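Contents: one structure, followed by commentary.
The values are calculated or read from the model by the stated rules, or taken from the named source; none is laboratory data. All values derive from a computational prediction rather than experimental measurement. Here the Cβ positions follow ideal geometry from the backbone for every residue, glycine too, while neighbour counts run over all protein chains shown. Each accessible area value is taken on the protein alone, full model and side chains, heavy atoms only, with ligands, DNA and RNA left out. Shrake-Rupley method; radii C 1.70, N 1.55, O 1.52, S 1.80 Å.
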Amino acid sequence: SGGAPRRQPDEACAVPDSITFMVPKKEISMVSDMGKWKRSQAYADYMGFVLTLNEGVKGKKLTCEYKVSETVEKLLDLLDTLDRWINETPPVDQPSRFGNKAYRSWSAKLDQEAEALVAAMLPADRCAAAPEIAVYLKEAVGNATRIDYGTGHEAAFAAFLCCLCKVGALRVDDQLAIVFKVFNSYLAVMRKLQKTYRMEPAGSQGVWGLDDFQFLPFIWGSAQLVDHPTLEPRHFLDERVVNEHQQDFMFLECIKFINEMKTGPFAEHSNQLWNISAVPSWSKVNQGLIRMYKAECLEKFPVIQHFKFGSLLSIQPGKT
């Protein structure tokens with residue numbers, strides 16, 4: 001695809017040394033504020049980050065070779081810690097089936113520790129950014145009041161990673177590791193949270209949404225499959241194909257999780273995905289999912305009203 005030259009994430013999002021970090025806050029309080037979000041530097045940076053990673057993973061398997069930097073290792077340790085805390089915080093007996101209250105204890109632990117966890121992965125001269133960046137990590141694991149999780153929380157995790165790029169903790173050659181290692185480990189922890197504490201889907205569109213909980217792995221996962229010699233979109237309806245290839249492709253891993261969690265005909269419980277299986281090529285699927293993500297997630301007030309803005313992801317109008 002022609003058009004503008006590809007920006008590298010480091011230059012696309014490096015922040016000046018003189019920046020004053022701030023604790024992010026909500027800026028979108030009513031539907032009429034949505035224009036401010038779409039024009040913001042934060043929207044441009046966030047979408048640029050998602051699309052840069054999308055280009056980076058095109059045609060690549062989860063099992064391919066790539067560099068794993070020290071920051072990536074630290075992020076994986078952080079996610080391991082969150083995972084361990086789930087084991088240490090078993091669900092409690094309660095009358096209602098959904099929204100186990102033990103999740104609140106797990107979440108409170110992250111609230112206490114997040115800043116220290118984030119500080120540990122920042123370059124020495126960027127430690128002042130920890131309180132700002134930690135907010136996105138805390139927002140990325142679901143809501144403790146409602147005990148729910150959805151695409152807004154997922155977006156907070158992508159924003160968290162975007163901020164780490166902006167302060168130079170993650171770099172352009174970390175792209176594959178960001179998606180294949182870090183984001184994939186994040187997904188595993190979120191699935192474990194969802195199962196363990198029976199979390200509700202946040203702002204779910206039910207059968208008309210793409211998935212109860214996630215969106216980004218379908219975008220990046222479809223990019224991985226672009227120009228695959230044998231796998232076509234129609235193949236993901238075949239459980240045998242899914243089981244055989246899910247360790248290589250994020251998209252199929254997501255389908256496998258849905259198959260495990262839902263019963264009944266696929267066309268009924270996951271209608272949007274079923275429709276997508278009829279699209280002729282993975283590049284068309286990928287483009288369609290990016291459009292759908294903007295329309296169904298990033299341009300929906302119920303999702304974006306929770307998004308927080310600071311110095312790294314700024315509500316100020318973007319430079320056009």
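If you build a Gaussian network model of the chain, linking Cα atoms that sit under 10 Å apart, which residue out of Ala108, Ala159, Ala42 swings the most?
Ala108
Using 7 Å Cα-to-Cβ label points, what is the Glu65/Ser18 separation (nm, one decimal)?
With each label point 7 Å from Cα toward Cβ, the separation is 4.5 nm.
For Trp85, put the label point 7 Å out on the Cα→Cβ axis and report which residues of the range 156-176 keep their amide N under 17 Å from it.
156-158, 160-161
For the range 112-203, what is the accessible area per residue in Å² when the probe is 1.4 Å?
30
At 1.4 Å probe size, with no ligands or nucleic acids counted, give the accessible surface of Asp83 in Å², nearest ten.
Surface accessible to solvent at Asp83 totals approximately 40 Å².
For the chain, with a Gaussian network of springs between Cα atoms less than 10 Å apart, report the residue from Lys74, Lys262, Lys284 with the top mean-square fluctuation.
With Cα springs under 10 Å in the chain, the top fluctuation among Lys74, Lys262, Lys284 is at Lys262.
Charges only on Cβ, +1 for Lys and Arg, -1 for Asp and Glu: so what's the dipole of the chain about the Cα centre, in debye to the nearest 20?
Charge dipole of the chain: 660 debye, to the nearest 20.
Whenever you get a sec, compute what percent of the accessible area on the range 140-275 sits on carbon and sulfur atoms (1.4 Å probe).
That share works out to 49 percent.
Report relative contact order for the chain in percent, whole number only (criteria: Cα-Cα under 8 Å, sequence separation at least 6).
It rounds to 31 percent for the chain.
Could you tell me which of rounded, prolate or oblate describes the chain, using a ≥ b ≥ c as the square roots of the eigenvalues of the alpha-carbon gyration tensor, with rounded for a/c under 1.5 and, failing that, prolate when a/b is larger than b/c and oblate otherwise?
Because its axes are fairly even, with a/c under 1.5, the chain counts as rounded.
Which of the helices in the chain meet the span-like rule: DSSP H, Cα axial reach of 15 Å or more, Kyte-Doolittle mean at least -1.0?
Taking the DSSP H segments of the chain (at least 15 Å long, mean hydropathy at least -1.0), we get 41-57, 70-88, 102-119, 151-166, 184-196, 250-261, 282-293.
Based on the Cβ-Cβ distance of Arg104 and Trp274, what FRET efficiency does E = 1/(1 + (r/R0)^6) give at R0 = 41 Å, to the nearest 0.05?
For R0 = 41 Å, the calculated efficiency reads 0.70.
Given a 1.4 Å probe and the protein chains all in place, what does the accessible area of Ser105 round to, in Å² to the nearest 10?
Around 70 Å² of this residue is reachable by solvent.
Between rounded, prolate and oblate, where does the range 129-170 land on the alpha carbon gyration tensor, with a ≥ b ≥ c its root eigenvalues, rounded for a/c under 1.5, else prolate if a/b exceeds b/c?
Oblate.
Any chance you could run the full-extension gain for Ala128 through Arg97? It's 0.36 nm times the residue separation minus the Cα-Cα distance, nm to one decimal.
7.0 nm
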